[in-house]
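Notes to accompany the following structure.
The values are calculated or read from the model by the stated rules, or taken from the named source; none is laboratory data. This one's a predicted model, so the numbers in the text were calculated from it and none came from an experiment. Virtual Cβ from ideal backbone geometry, glycine too; neighbours counted across all protein chains shown. For accessibility, only protein heavy atoms count, side chains too; no ligands or nucleic acids. Shrake-Rupley method; radii C 1.70, N 1.55, O 1.52, S 1.80 Å.
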Amino acid sequence: MSDVMTICPYCGTGCSMRLFVEGNQIIEIDADPTHPVSEGELCLKGLYGFKHVADPGRLTTPLMRRGDDFVAVSWDVALDTIAQKLNAIKRESGPDAFALFASARATNEENFISQKFARAVMGTNNVDHCARLCHAPTTVGLAMTLGNGAMTNSIPELGDVSDVIFIIGSNTAECHPLIAKHVLKAKERGAKLIVADPRMTDMANKADLWLRIPLGYDIPLINAMLHVIIKEKLHAADFIRDHTTGFDDVARAVEDYSPESVSKMTGVPAADIISAARIYATAKAAASLYAMGVTQFSCGTGNVVSIANLAVVAGQIGRPGAGVCPLRGQSNVQGACDLGALPNVFPGGKPVTSEPDRIWFEQAWGVPLPRAVGLKVTEVPEAMMSGKVRALFIDGENPMMSDPNTKHFGEALEKLDLLVVADLFMTETARRADIVLPAAGWGEKDGTFTNTERRVQRVRPAVEPPGEAKPDWWIFKNLADRMGYAGMAYEKPQDIWDELRRVVPALYAGMTYDRLDHMHGLAWPCPSEDHPGTSVLHQGGHFGTPSGKAMLKAVLFHPIAVPEEQRKAFESPIIGHISERPDADYPFMLTTGRRVYHYHTGTMTRKAPLLEQLGPEELIELNPLDAKALAIGEGDYIKVSTRRGAVIAKAWVTERVPPHVVFGTFHYWEASCNEETNADVLDPLSGIPEYKISAAMVTKSSPAEAKANVAAKRDYYRKDVEKAVTATMHAQSGAVS
Ligand SMILES: Nc1nc2c(c(=O)[nH]1)N[C@H]1C(S)=C(S)[C@@H](COP(=O)(O)OP(=O)(O)OC[C@H]3O[C@@H](n4cnc5c(=O)[nH]c(N)nc54)[C@H](O)[C@@H]3O)O[C@H]1N2
Ligand SMILES: Nc1nc2c(c(=O)[nH]1)N[C@H]1C(S)=C(S)[C@@H](COP(=O)(O)OP(=O)(O)OC[C@H]3O[C@@H](n4cnc5c(=O)[nH]c(N)nc54)[C@H](O)[C@@H]3O)O[C@H]1N2
Ligand code: SF4
Ligand SMILES: [Mo]
């Protein structure tokens, strides 16, 4: 038996683990006691979520559509066909007729090469990925205010230093379990925990103060906390004078948000708002942790800017344990953003619209580069509908279940001339493709991931990929070669990494593979080989904005619309409201998210027997008062419908949700909440959809209706999947054309 050290494939915590290998199979996983984040522990997904690697359903050869069937083809045939079709579409309709969804599950090296493929080979900035559905408001909002769209501190600082932790819109215990451990470690030291969440999460239960705001009311809550801090002169006056702009505007804006008026709006006692403000502002080091409960709104950027305003005004930033901590979701979503798998920035966050930055990359890559900002993930469906985008390459995403309003997304896919999907499995999305490419995944390839605290860590291969499956970097390199681009002469991931170190030296020059191999990673910026990496950003009040100062911004909120005269009173305020509110037809609010046992669209965790046993089916949370009114008992089937679609699943009658709110997930194709979510209204600043609120109707269903529903969903999501899997397995036995 051999063993290999690597990083967990799931969440952005970036826990370190040891894989035990026998033959060509991972047989067990163990935690790494020396790692500063995971400290010898792993969550359920980390420990047991590896069975997908050897699953018989893995894709093992490229597949091409022939009518209703897929046939197995060689890599030469698949790549030649893609190259030829992409060249033709580019010739006929221009480079912007192509779009690429990159993957936050792929390595840094692979994201570097995929965005380079879009820009340098295809000539378009139409490259984006799931961060659009996730922390796009963070990237925009923190860049706007602090000058850097990333977590400002390290995870161990939470456990070791912070004396107040403010969790807002993060189900930390279920979604970042090993970060939750550090929060509890802080609590044991005597640190105070404040949680703002409409749902009674595990952390809300453990909090010293739980602020149960209604869905979408984060801006008024934070404005009220700022109101108290400023009124009671708890703000960091000297720091504000020396290191910020825009304070007067913010102070004036929050005058209207007294704790009493916000209490009326939200039902949170004014005394609790006042306590939260005092505890936070008077802490020696307070950290705010947030995730999708603030970003996935049409005012997601406004919510993030509010959190930054609060930290800066209270002087809770730029010191160990004090800062703003967006908990990034996917194993390498921080890396995918840093490396420019976004339509507006090159690697290192350099704007595509900046002349000097563009020239820098043109010189590095030897071709002219596009100047216009590309399409966001959430703008691509309309562009496919109108024929503007004709070819889409999806590398390691499953938007048929993860995008909002998936029915509409499916209709848009139908309009394409070419859909290519690279994945480990024949997913709900891949089965709609013209060409499916078998990707090598985690445990099978070499490279690096960047976790949520900007720590770049090595991931390593433990087993050989199945059949002909290849790493994503190999796929893009070989496609680029075939399309006549000479700038991808890479032989291994390290060659790509070393190019990145050259083109973005300020962040990465000091991170050699050798150093990364011998340490528990390094956090950027790490500009030279003797640099220890940077765990705390903005030390000494030095921000990454052009002026070097934090740029505070007024954020206003009204559930329906902020009155015009209020807007006019401020210099470019950010405005928040709720886009789809309950009404007589749809009197409930559906909110969506995750459970601890499963990961996103379930392609990996649903193949782990233990995880599937623990979380075998969708359960929709319903408040006992609503259950009573609708005569629904625990475990009865209910139907939740919105203006876009419906799901049927069992009710979990629980006070975890407040009255008139139901909660569902997108883990199960049998009941995928994204048939119901809204893709029409996006945050104007970041393009994120409002996944966290849809107006909904709840009715009682029956076992018979539920059974018929599963059959219909199987037809919609899984039809032909088994057939295609058989084709690929068959081809392995030698029948490749
Ligand atoms: N088990 C598991 N872990 C995961 C993932 C997974 O699929 N499964 N996915 C990973 C990814 S990519 C991500 S982005 C993260 C997401 O991590 P989270 O954001 O923690 O996950 P969500 O389930 O989306 O939960 C959001 C939280 O916000 C709360 N919330 C909802 N509306 C509001 C609101 O209006 N205001 C406030 N203050 N709170 C609100 C919800 O009740 C919930 O507690 O998890 C990562 N980790
Ligand atoms: N309703 C609702 N919808 C949501 C959210 C929500 O809170 N509510 N959250 C949103 C968020 S935060 C996110 S991040 C997105 C996630 O959305 P997606 O990224 O679409 O979801 P995943 O299931 O993680 O899909 C990743 C795919 O990559 C494949 N894969 C894994 N490793 C590799 C690899 O190395 N190479 C390749 N080529 N493929 C690989 C997996 O098999 C899987 O099919 O969902 C969003 N959707
Ligand atoms: S906390 Fe996240 S990174 Fe750590 S083991 Fe669990 S899923 Fe993996
Ligand atoms: Mo995410």
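Assorted remarks:
- Using a Förster distance of 25 Å, the FRET efficiency for Asp3-Gln613 (Cβ separation, nearest 0.05): 0.40
- Extension gain, Ala569 back to Ile27 (0.36 nm per residue minus Cα-Cα distance, nm): 188.8 nm
- Charge tally around Ala671: other residues with Cβ under 11 Å, Lys/Arg +1 each, Asp/Glu -1 each, net -2.
- Segment 1-127: relative contact order in percent, alpha carbon pairs under 8 Å with at least 6 residues between: 13 percent
- With R₀ set to 51 Å, the beta-carbon distance separating Lys284 from Ala54 gives a calculated FRET efficiency near 0.55.
- Cross-linked pairs Lys51/Lys477; Lys477/Lys719; Lys85/Lys388: Cα-Cα separations exceed 27 Å for Lys51/Lys477; Lys477/Lys719.
- Using a probe of 1.4 angstrom and keeping all protein chains present, the accessible surface of segment 447-496 works out to 33 square angstrom per residue.
- Secondary-structure-derived ellipticity at 222 nm for the chain, considering helices only, amounts to -9000 deg cm²/dmol, per-run term -39500 (n - 2.57) for DSSP H runs with n ≥ 4.
- Exposed-site-free run, longest, the chain (rule: GluC sites (Glu not before Pro); DSSP loop; at most 15 other C-beta within 10 Å): 256-490
- Spatially near lysine pairs across segment 136-327, Cα under 22 Å, sequence gap of 8 or more or different chains: 14
- For segment 588-701, the share of DSSP beta bridges that are antiparallel, to the nearest 5, is 60%.
- The distance between label points at Ala646 and Ala712 comes to 0.7 nm (points 7 Å beyond Cα on the Cα→Cβ vector).
- Charge sum, other residues only, whose C-beta stays under 11 Å from Ala31's C-beta, Lys/Arg counted +1 and Asp/Glu -1: -3
- Residues in segment 537-549 carry Karplus couplings, in order, of 8, 6, 5, x, x, 8, 9, x, 6, x, 7, x, 10 Hz; the curve used is 6.51 cos²θ - 1.76 cosθ + 1.60 with θ = phi - 60°, and Gly or Pro positions show x.
- Cα centroid separation, segment 1-33 to segment 185-263 (Å): 40 Å
- In this structure the amide hydrogen of Gly323, modeled in the peptide plane, comes within under 5 Å of the amide hydrogens of Ala286, Ala287, Ser288, none closer than 5 places in sequence on its chain.
- Neighbours of Met400, meaning other residues whose beta-carbon lies under 9 angstrom from its beta-carbon, give a summed charge of 0 when Lys and Arg score +1 and Asp and Glu score -1.
- Counted over the chain, the DSSP beta bridges are approximately 45% antiparallel.
- Rounded if a/c under 1.5, otherwise prolate or oblate - segment 136-327, Cα gyration tensor axes: rounded
- Proximal lysines to Lys549, defined as alpha-carbon separation beneath 20 angstrom and excluding residues fewer than eight positions away on the same chain: Lys350
- Cβ-based charge dipole, the chain, positive-most Cα from His520, Met1, Ser572: Ser572
- Those lysines that a straight Cα-Cα span of less than 18 Å connects to Lys568, excepting residues fewer than 8 apart in one chain: Lys553
- When the Cα positions of Trp669, Pro684, Thr603 are compared along the charge dipole of segment 602-704, Trp669 comes out farthest toward the positive end, with charges on each C-beta of Lys, Arg, Asp and Glu.
- Shown for the chain: the carbon plus sulfur share of the solvent-accessible area, taken with all protein chains present and a 1.4 angstrom probe, equals 53%.
- Inter-site label distance for Arg502 and Asp160 at 7 Å from Cα along Cβ, in nm: 3.6 nm
- Heavy atoms of the protein chains alone define the surface here; on that basis segment 2-54 has 37 Å² accessible area per residue at 1.4 Å probe size.
- Lys pairs, segment 588-701 - Cα-Cα below 15 angstrom, 8 or more residues apart or on other chains: 4
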